[in-house]
Structures are given as structure tokens and as C-alpha cells.
Amino acid sequence: MEILLWAIVIFLLLPAAVVVLECSIACMPWRAEQTHTDEFRPHVVVLMPAHNESAVIAKTLDSIMPQLMDGDRLLLVADNCSDDTAAIAETLGAQVLKRFDDELRGKSYALAFGVETLRESPPEVLIIIDADCHLQSGSLDVLAKTAYRLNAPVQALDMMLAGKQSPVRQKIAAFAWIVKNHVRALGMSRLGMPCPLMGTGMAFPWQIISRMDLATGALAEDMLLGGELVVRGHAPVFCPAACVTSEFPVSDCDTRTQRQRWEHGHLSMICNHAPKLLKAVLQRGDLKGVYFSIDMMVPPLALHSMLMLLGLGITGLAAGFGYGLPFEVMLAGTGLFVSALMLARARYARNVIGIKDTLQIPFYIFSKLSVYVSYVFSREKNWVKTKR
């Protein structure tokens, strides 16, 4: 009985320790990074996969086109589109490829199609931006220069925005996004660890991305690509000086669809790919890769919190039968976990979610139970675009 209790405690507190470490490091005072304003700016191609994005594509291109210099291109892959996304993009100066395939549908196939087309006239740096994102002014130069200087994949800060009048559920979701994509990524960067790829705002030296298999069909194609790059010795680097933003879907139904796709993809990575990645980096003796693999195994924040509460309940019940120490350790670890998240809120999300809103977090967590149950019984396997 005691061995089982300690196994539960270790299983739950190891990923919690990763979150606590990364949040704590990110919240510490840190010397500002050196800027490289006068370094060489390589020519780039911005590759943009798009599926029925006519409602937002003009706004997205308006944020990118002014940042292109002579010799740069924006290549939009209109993937199985049934609207006028391609026509709008062409009017605004983008080069457009139309792709139709009823079998191989989804973002990864669109990216592979775009990269294959570029082989005849490749750029020095390829930058991938989603069609529903806004690229912050100056970010294109920062990404291009950093990827070229480091000869490594580079990930910009990727933010999902929730307005002040957004429902509490959306504010909590925005907070979870900040923890994962900003706070934890910054903590990993300061620890000198590889950065997970986030699907948009990604820059790659051509000689690296051109050798990768992008047509995976994975729901979390960005996480899979990041892991493959680490295995091949091309660890992605976090670059918060560049930023892409997007907005949550308006309706609760569309938000749920989006979150289910993300989280089912994340769970599939944990179950199917992270163990293989861990084995590969262990065989190479790559300690940074080992940490990256462990970080990838940290569950989505809501599920992780749910499991922590379940662990508290199990060890608390066992404490009544004389097994008090596992409960005490679990309680202390949970306290540190919650404290790290509240520290991250105070440092990076004070304007996103208020103290009163945090009281709704337990209800939000358990409202997502169906998302995780559906992973077991009706797992999302196909890439489904979120409506806007």
C-alpha cells in the first residue's frame, strides 16, 4: 500500500516540480538580453498555411507585408479552401498556392506542400505564421536575424488574447496559455534548455527545415517537429523579443473544439512520442534533450491540476489509515505548485485574470473533464479548423 502511495506522489509531483522550477526562474530578476540590431538580415519566405480564413486573412497580411524587404516573399498555401481566402491574399501581394486533397487534410500537409514548392528557389530563412495571427512590428527582422545568427530554429512568443470583457472561462484559458507559452518557455530558455515549438511564429534556417518530414498528419505537429529537431541536434531557441498574437474564438463551442484538438494532440504526444524521444536522447547522452522530453510529458495545466487534487484525495484518505507521510509530501508539493502559478499570475498575467477570477479556476478545471474522458473513448484524430 505504501509503495503504491509513493508511486502516485512521485508520478504527480515530478511534472509539478518542472512547472515550479520554470515558473520560479521566469519570475526572477534577470539581466536583459543583448540586442543585435546591426547584424545581417537574411532573405526570408513567410510560409502561411490557410484553410477558409477569409474573415481574418487581410488583417494578418497587413501585419506582415510591411515587414518584408526586397527579395522576401509571403507564400500562402490555400489548403482545401472553399472561400475567397486565396483571392484576398493575392490582392494584398501574397504568392498563393492552392492545394486540394480529400485524404491528406490539415496543417502539416499544407506546410510540407509549401516547403516542397520552395526547393527550386529556397530562402535563407523560412518563417511560419498561422493565417489568424498578428505579427508584432519588427518581429520578422528579429526572427530572421536570430535564426540566421544561431543557425537554429527560433520560436517567437505566441500569445492568445482575451479581452477585459471576456467571460471568466476565457480569462482562465488565457492564463493557462501564458503559463505554458510565455512563463514556462522563458524559464526553460533561462535554464539553457530547448524551447517547445508553438505552431506559429517559428523561424528555421532553410538547410534545417528542408530536411524535416513535415507531412505527419499529427494534431500537435509543432510539438512533434520540436522533438524531432532536438533529436537531430537542432534544438529550438525561445525569442520573446518577437511576438505573434491571436484571439480566442468567440463562441464557447468553437473554443471547446480548439482546446480539444490542442489537448488531445498534447496527450497523444505524451503517450506516443515523448517516451520515444526520451529514449533517443538518453542513448545520445543529451541531458538538455532529457529535460526537454520530461517537460513535454507535463500534462495540460487543467488536467495536471485535476490529477493533483485527485492525488491529494487518495493520499488524504490513506492518511486516515496511518499512511500520513505521503499525504504531507503531496500537500506540500501541491502548495508549491499553486504558489508558483500565483507567482506567474502576479508577474505576467495580472491584467488578464484578477484574484476574484482565480476562485473560479476549480470549476473551470472540472468543466474540462469531458475533454479528457473523450480522449479515452472518442479521441480526436483529424485536424479540424476552428471557426472564427
>> Between Arg41 and Arg73, what is 0.36 nm times their sequence separation minus the Cα-Cα distance? Round to one decimal in nm.
In response: 10.1 nm
>> Between region 164-225 and region 313-328, what is the separation of their alpha carbon centroids in Å?
In response: 37 Å
> Per 5 Å bin, what percent of the C-alpha pairs of region 47-189 does each bin hold, from zero upward?
Replying inline: 2, 9, 16, 18, 20, 16, 12, 6, 1, 0
> What is the percent of Cα-Cα separations in region 125-172 that go past 17 Å?
Replying inline: 48 percent
>> For the chain, set up a GNM with springs between Cα atoms under 10 Å and report which of Phe175, Phe337, Phe321 has the largest fluctuation.
In response: Phe321
> Helix 252-268: angle to the longest alpha-carbon principal axis of the chain, degrees 0 to 90, nearest 10?
Replying inline: 80 degrees
> Got a sec? Which residues in region 67-85 would a label at Gln95 touch, if it sits 7 Å along Cα→Cβ and we count backbone N under 11 Å?
Replying inline: 71-76
>> Could you tell me the relative contact order of the chain? Use alpha-carbon pairs under 8 Å, at least six residues apart, and round to a whole percent.
In response: 22 percent
>> Tell me the relative contact order for region 43-123 as a rounded percent, counting alpha carbon contacts under 8 Å between residues six or more apart.
In response: 35 percent
> Given springs between every Cα pair under 10 Å in a Gaussian network model of the chain, which of Asp222, Asp83, Asp130 has the largest fluctuation?
Replying inline: Asp83
>> I need the shape label for region 43-123. Rule: rounded when a/c is under 1.5, else prolate if a/b > b/c, else oblate, with a, b, c from the alpha carbon gyration tensor.
In response: oblate
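Could you tell me which of rounded, prolate or oblate describes the chain, using a ≥ b ≥ c as the square roots of the eigenvalues of the alpha-carbon gyration tensor, with rounded for a/c under 1.5 and, failing that, prolate when a/b is larger than b/c and oblate otherwise? Could you put the intermediate results ahead of the total?
On the way: a/c = 1.76, a/b = 1.60, b/c = 1.10.
It is prolate, given that a/c is not under 1.5 and a/b is the larger ratio.
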> For Trp30, Trp262, Trp6, what ranking results if the residue with the fewest other Cβ atoms within 10 Å of its Cβ goes first?
Replying inline: Trp30, Trp6, Trp262
>> With a 10 Å cut-off between alpha carbons and a GNM built on the chain, which of Cys243, Cys23, Cys81 moves the most?
In response: Cys81
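Where a number appears in this text, it was derived from the coordinates with a stated rule and is not lab data. Please read all numbers here as calculations on a predicted model, not as lab measurements. All Cβ positions, even for glycine, are placed from backbone atoms using ideal geometry, and neighbour counts span all protein chains on display.
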